[in-house]
Amino acid sequence: MFIEIDEVNKQYNDKENQPVDVLKDINLSIAKGQFVSILGPSGCGKSTLLSIVAGLTKTTSGKILIDGKSITKPGKDRGMVFQQAALFPWLTVMENVTFPLKKEMKKKDAEESALKYLQMVQLGKYLSHYPHELSGGMQQRVAIARALAMNPETLLMDEPFGALDEQTRSRLHLQLENIWTETKKTILFVTHSISESIKLSDRIIVMGTKPGTILQDITVDLPRPREDYKKEMLEIEDHIMSYLKKEIDKVVSEELEYANSH
Ligand SMILES: Nc1ncnc2c1ncn2[C@@H]1O[C@H](COP(=O)(O)OP(=O)(O)OP(=O)(O)O)[C@@H](O)[C@H]1O
Ligand SMILES: [Mg+2]
């Protein structure tokens, strides 16, 4: 398999310095070119898992293999879109996107590639703006353009469309699908939107919380474009919704219990 997540465990220390299991016994094999979504309640460890695959966070135990090689640090084979845009505030939109490209190519080529993707996310008019001059959704689109312009084999996307309006989101869904079909990238895509995950992915991993574990591994084998399969998509959505609701209820009742005991 292209990506192997092998017996990954992650603990963080809480405020009393006690280790808390965040991810427990995560095993996941992902084929090259697969589009995999990850769903799960807030705090279940989705971002932590993505950050481990990105090589930015160390596991407590277990390992990640990509194409047979053990991952210990970030690499240009993996492009990450963070949950928060993570732009350099002192660089313009264009400079933010070309920054990681400059090491790989000539300035002119970097700018050409950056422009292509910035236009794709409809920011062609904002090249010389600074991040603080943009809305949250616009900043997020710069971060998406930056990851795509790097043209990595694997895209790690953490709620990339979370801050966008429905229409922009739909347009970017199409563009991401096109890029994925054309370039056969492997995509790990975290989202809170069940319908988004069904629309886009081959496979949906549903995680549970405390500790973060994989509860379900669902194959979505509907043909694309999936707009033609609304009924089938709704059936899958209902199935996942009822399953996730239990997990989310668990988080809410734990929170209430804690509040009542303090
Ligand atoms: N650096 C850290 N130090 C201590 N605890 C952390 C750290 N990073 C994450 N955590 C804890 O790990 C758990 C998982 O966090 P994570 O950000 O991976 O969740 P998530 O599934 O991405 O949630 P959301 O859907 O809200 O983005 C949370 O309980 C969080 O408090
Ligand atoms: Mg997260």
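The values are calculated or read from the model by the stated rules, or taken from the named source; none is laboratory data. What you see is a predicted model, and the numbers here were worked out from it, not measured in a lab. Neighbour counts run over all protein chains shown; Cβ positions are idealised from the backbone, glycine included. Side chains included, ligands, DNA and RNA excluded: accessible areas come from the protein's heavy atoms. Shrake-Rupley method; radii C 1.70, N 1.55, O 1.52, S 1.80 Å.
A compact table of results
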{"item": "Within the range 12-53, considering residues that are of a type in the set (A, V, I, L, M) and within 13 Å of ligand 2 (Cβ to nearest atom), the one surrounded by the most Cβ atoms within 10 Å (Cβ to Cβ)", "result": "49"}
{"item": "Residues being in a helix (DSSP H, G or I), under 16 Å from residue 245 (Cβ atoms) and open to solvent by less than 30 Å² (accessible area, probe 1.4 Å) - total across the range 179-196", "result": "1"}
{"item": "Qualifying positions in the range 203-221 - part of a loop (DSSP other than H, G, I, E, B) and either at pLDDT below 95 or open to solvent by 50 Å² or more (accessible area, probe 1.4 Å) (or both)", "result": "209, 210, 211, 221"}
{"item": "Failed criterion for residue 141 (all others in (1) out of contact with any helix residue (DSSP H, G or I) (no Cβ under 7 Å at 6 or more places or on another chain); (2) over 23 Å from residue 217 (Cβ atoms); (3) open to solvent by 40 Å² or more (accessible area, probe 1.4 Å) hold)", "result": "(3)"}
{"item": "Any hit, the range 26-33, residues being within 16 Å of ligand 1 (Cβ to nearest atom), in contact (Cβ under 8 Å) with a residue 12 or more places away in the chain and of a type outside the set (D, E, K, R)", "result": "yes"}
{"item": "Residue under evaluation residue 79, criteria (1) part of a helix (DSSP H, G or I); (2) in contact with a strand residue (DSSP E or B) (Cβ under 9 Å, 6 or more places away or on another chain); (3) away from ligand 1 (no atom under 12 Å from the Cβ), criterion not met", "result": "(1)"}
{"item": "Of residues in the range 225-249 being in contact with a helix residue (DSSP H, G or I) (Cβ under 7 Å, 6 or more places away or on another chain) and closer than 19 Å to residue 170 by Cβ, the one farthest from ligand 1 (Cβ to nearest atom)", "result": "226"}
